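Following: one structure in structure tokens, then a few remarks.
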Amino acid sequence: MGHKRYRNQEKKKTHEKKNAPLIVVTTGGSGGHIFPAESICSALLKSGYKVVFVTDKRGKAFASLPGVETYKLMSEAVARRTVFHKGIAAMKLFFGAVQALCLLQKLKPAAVIGVGGYASFPAVLAAHLWRIPVVLHEQNAVLGRANRILAKGACLIATSFMPTKRIPANAVTLRVGMPARNQILEKENSPYPPKGKDFNLLVFGGSQGASFFSRVFPEVLLQLPTELKEKLVLTQQARPEDIEYVRNIYKGQPFKKVTVESFFDNMPDLLEQAHLVVARGGASTITELEIVGRPAMIVPLPTAADDHQTENAAGFCDSGAGWLIPEKGFSSLRVSEQLAELMKNPKELSIAAAQSYSRAMPKAAQSVVDEVKKIIENGKQEGGL
């Protein structure tokens, strides 16, 4: 009798899965877009939805989640190109939109979630044209170009920061936070490292930011007093071509330990161990600092579109969780003096760490799913440009 009941329960689960609404999640292949997209896909699966992921050729970085089918469409960014390349990019977007129209007609999703980037353009545009409900997630504190174009007709723009600039008038918005990867969520509100003989400093900046830190930040550390150098445990990211250059600068210095690599696959652990972080102002970086609960000196990338990294970091630093240091006018002596003061004042860093975590929104991915569920249940069909 028990076996029969078990088989009936399994049949019921299979039947429910077959009838579960299908959601399309679409974004580009950069890490800043892939991580939140993966988190949203995972939350959708846990909530019982069927999920299809739509991306561009770079989307191979997407970790194939069990039960998530992946499609790649033609797409390319139009901004910052020559007229010729803009024409090529526009053609790719057009053909990508045609592909997306056929794909969505076949899949008939209950909703489409766009997570930013030009690669989301074809699928979201097709959803608008088929009048499929659209939810856009904006990772930065300034609405990205693709999301600005696609915002009209979206049921909701879910934001990571408050405020978020360049939101169209009359758009429906809700701050949900930036979805984070599971490895970071596992480190949520990690105890701040106690005061000891070591001071763990983590320096990273992504492919573009790492180059600046390789050229400029060593001078900051070389000007520290000897007694502070002797307790410094430095972990720094550098581009492959800069690694030997940076290592040679630090060679012979009385630092307690120095690790310079191009990539760290244990970044969540490094964040947990850090007394202080020096980084760029990307949305993922700010989010991960807040979830783990770590203070940081933020040097925004000045070439970021619409200076969004400065906007991302503004609330974080204004709240007392970090220190904003513009790249323009960067003074290695002034930053070295500031770093020395922080190293001498662990209580100030501990307070900043607590302030960092107070801003965290670790349930961001589930919040997006909850809003999509409401939209589907309410039968909102606001698509259309």
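Some observations on this one:
- Filter result (closer than 25 Å to residue 285 by Cα and touching a helix residue (DSSP H, G or I) at 6+ places or on another chain (Cβ under 7 Å)) within segment 237-260: 237, 238, 239, 242, 246, 258, 260
- Helices (runs of 4 or more DSSP H) wholly inside segment 1-120 containing at least 2 residues that are within 27 Å of residue 156 (Cβ to Cβ) and either modelled with pLDDT of 90 or more or among the small types (Gly, Ala, Ser) (or both): 31-46, 83-107
- Looking across segment 230-284 at every residue that is among the aromatic types (Phe, Trp, Tyr) and closer than 26 Å to residue 352 by Cα, the one that is modelled with the lowest pLDDT is identified as 264.
- Matching residues, segment 196-241, being among the polar types (S, T, N, Q), touching a residue at least 60 places away in the same chain (Cβ under 8 Å) and not in a strand (DSSP E or B): 208, 223
- When every residue of segment 258-270 is checked against the conditions, none turns out to be under 17 Å from the mean Cα position of the chain (by Cα), among the aliphatic types (A, V, I, L, M) and closer than 26 Å to residue 162 by Cα.
- Applying the set (1) among the small types (Gly, Ala, Ser); (2) in contact (Cβ under 8 Å) with a residue 40 or more places away in the chain; (3) surrounded by fewer than 16 Cβ atoms within 10 Å (Cβ to Cβ); (4) under 30 Å from residue 25 (Cβ atoms) to residue 319 leaves exactly one unmet item: (4).
- From the list 178, 162, the lone residue that is surrounded by fewer than 15 Cβ atoms within 10 Å (Cβ to Cβ) and not small (Gly, Ala, Ser) is 162.
- Only one of the numbered conditions (1) modelled with pLDDT of 95 or more; (2) surrounded by fewer than 19 Cβ atoms within 10 Å (Cβ to Cβ); (3) out of contact with any Lys or Arg (no Cβ under 7 Å at 6 or more places or on another chain); (4) polar (S, T, N, Q) is not met by residue 303, and that is (1).
- Candidates 375, 298 - the one that is crowded, with 18+ Cβ neighbours inside 10 Å and over 27 Å from residue 259 (Cα atoms): 375
The values are calculated or read from the model by the stated rules, or taken from the named source; none is laboratory data. Not measured: the values here are computed from a predicted model. Reconstructed Cβ throughout: ideal geometry from the backbone, glycine too, with neighbour counts over all protein chains shown.
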